[in-house]
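The values are calculated or read from the model by the stated rules, or taken from the named source; none is laboratory data. Since this is a predicted model, take the numbers as computed values, not measurements. Reconstructed Cβ throughout: ideal geometry from the backbone, glycine too, with neighbour counts over all protein chains shown. Each accessible area value is taken on the protein alone, full model and side chains, heavy atoms only, with ligands, DNA and RNA left out. Shrake-Rupley method; radii C 1.70, N 1.55, O 1.52, S 1.80 Å.
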Amino acid sequence: LSEARALVTGLVGDRAGEWDRAGRIPTEVVRRLGEEGLLCAEVPARFGGRGWSSLDNGGFTAHVGSLCSSLRSLMTSQGMAAWAVQRFGSAAQRKHYLSRLTGGELVGIGFSEPGAGSDLSAMGTTIRVEGDSVVVDGTKVWLTGAGYADLLVVVGRFGDGAAAVVAATTGAGVSVRPVPDPMGCRAAGHSTVELRDVRLPLDALLSGAGQPVSMLVTTALTYGRVSVAWGCVGILRACLTAATRHAASRVQSGRPLAEHQLVAGHLADLLVAEQVATRVCEHASRCWDDSSPEMVTAAVVAKHVSATNAARQASTAVQVLASAGAEDGHVVARAYRDAKLMEIIEGSNEICRLVLAEHALAVAS
Ligand code: FAD
């Protein structure tokens, strides 16, 4: 783990702000981490992965998130796609695709559509078998990592249920168009993907085809929620570091900012937010590692707490740095934009609260 942390620290260096402004991480950096199996480090060693626990991968994800949320976003989508293959693929599909995903090939995963965001039961993308082909038609939006990807895991309707296929981004009928100027995580390769009469061999259809939409979506999103939550811990750590350093060194009215109690209060809030987010993430990862029945709820709690804490406290960090953090590309300015988006993805704040209320009511009844 410490080797992996050192590798990614070296690869990112002080370039995250530059990548954010350019809207692109150098492909060789992403590929290098992919080849090391670090974009989906929980994939078991028998498929070429690192076989890390969720707790270990969580700590690593937070580290990457503290350096560069765009790169962390690529880890989340690669890990989610790998988990979908692991969970729904046949033995042959797991062997085939997971070795590719731990060997340097990059992947995005598509659920969202122009008419289906929070409500994925409204997905219009269709997946159907025709003779010895599987045919995909639809439009997917905001796919993280699609701008770098070799492969896409595409989720769509399959008869009365849902299915996922693996398609090459270079295949006939597939077009990938970057989202112009995203507000945050600007270098994460977010793209719109059109799939027009895309014909794939039958073995591109993951074998769990036909299950309810909610089951497929919840399975994949649970991985994503834990990953995003750890990424938010990273954002909080980066903000806490920047704010404390600045408050300790910048002098106003004859003393360091940190000695002005209102500013000290901001630092305390940042620390508490980081600690709370870390604890809920640790709990979710332990649930994942123990295959606990609490897993799904723990992942929603972790994502919701970490994302809201990150969004609120990134704003606090900008407040502490004031003009010193108000330039585009500064770590806290970047955190402010990136963290806001974490309140939208993998289940928005509102959807998380609805899921948690439903859980509370079920427990009470
Ligand atoms: P809408 O569903 O239109 O919601 C708009 C607002 O209404 C939100 O505040 C929402 O919480 C609220 N709302 C909606 N329904 C309800 C309800 N029933 N009750 C209460 N409130 C409600 N998608 C992918 O498939 N793959 C990706 O890799 C991916 N990456 C993303 C990365 C980023 C940075 C972003 C911004 C989005 C990404 N998405 C991805 C899309 C993301 O999953 C959706 O944006 C998200 O599900 C919300 O959908 P929406 O944007 O259509 O908002």
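How far apart, in nm, are the 7 Å Cα→Cβ label points at A324 and V363?
Using points 7 Å along Cα→Cβ, the separation is 4.2 nm.
Any idea which of A168, C185, A357 is furthest toward the positive side of the dipole for the chain, if Lys and Arg beta-carbons carry +1 and Asp and Glu beta-carbons -1?
The residue sitting farthest along the positive end of the dipole is C185.
Could you state how much accessible area C68 has, in square angstrom rounded to the nearest 10, with a 1.4 Å probe and all protein chains kept in place?
Ignoring ligands and nucleic acids, C68 comes out at about 0 Å².
Treat each spin label as a single point 7 Å out from the Cα along the C-beta direction, and report the A268 to T126 distance in nm.
6.1
Give me the net charge of K303's neighbourhood, meaning all other residues with Cβ under 11 Å from the Cβ of K303; Lys, Arg count +1, Asp, Glu -1.
Result for the local shell: -1.
Could you identify which residue out of S121, S291, S70 has the top mean-square fluctuation in a GNM of the chain using Cα springs shorter than 10 Å?
S291
May I ask for the equivalent-ellipsoid semi-axes of the stretch 207-365, computed as the square root of five times each C-alpha gyration tensor eigenvalue and listed largest first in whole Å?
On the way: eigenvalues 257, 47, 30 Å².
Equivalent ellipsoid of the stretch 207-365: 36, 15, 12 Å, largest first.
Quote the charge dipole size of the chain about the Cα centre in Debye, to the nearest 20; the model charges only the Cβ of Lys and Arg (+1) and of Asp and Glu (-1).
Roughly 480 debye for the chain.
What accessible area per residue comes out for the chain, rounded to a whole number of Å², with a 1.4 Å probe?
With the other protein chains kept in place, the chain gives 42 Å² per residue.
For the stretch 161-267, take every pair of Cα atoms, bin their distances at 10 Å starting from 0, and report each bin as a whole percent.
Binned Cα distances yield the sequence 11, 21, 26, 16, 11, 11, 4, 0.
Of all DSSP beta bridges in the chain, what percent run antiparallel (nearest 5)?
Details: 31 of 36 bridges.
If I count the DSSP bridges inside the chain, around 85 percent turn out antiparallel.
I'd like the projected area of the stretch 23-124, averaged over all directions, using the convex hull of its alpha carbons. Report it in nm² with one decimal. Don't jump to the answer; show the numbers that get you there.
Numbers: hull surface 30.3 nm².
Spelled out: convex hull of the Cα atoms, projected over all directions, averaged, 7.6 nm².
Among T222, T126, T170, which one shows the biggest mean-square fluctuation in a GNM of the chain, springs joining Cα atoms closer than 10 Å?
Ranking T222, T126, T170 by mean-square fluctuation puts T170 first.
Can you pull the percent of the chain's accessible area that's carbon plus sulfur, 1.4 Å probe, other chains left in place?
That fraction is 53 percent.
Can you pull the Kirkwood radius for the chain, inverse mean 1/r over Cα pairs, to one decimal in Å?
In the chain this quantity evaluates to 20.8 Å.
Please give every one of the lysines within straight-line cross-link reach of K303, meaning a C-alpha to C-alpha distance under 25 Å, and leave out same-chain neighbours fewer than 8 residues apart.
Partners within reach: K140, K340.
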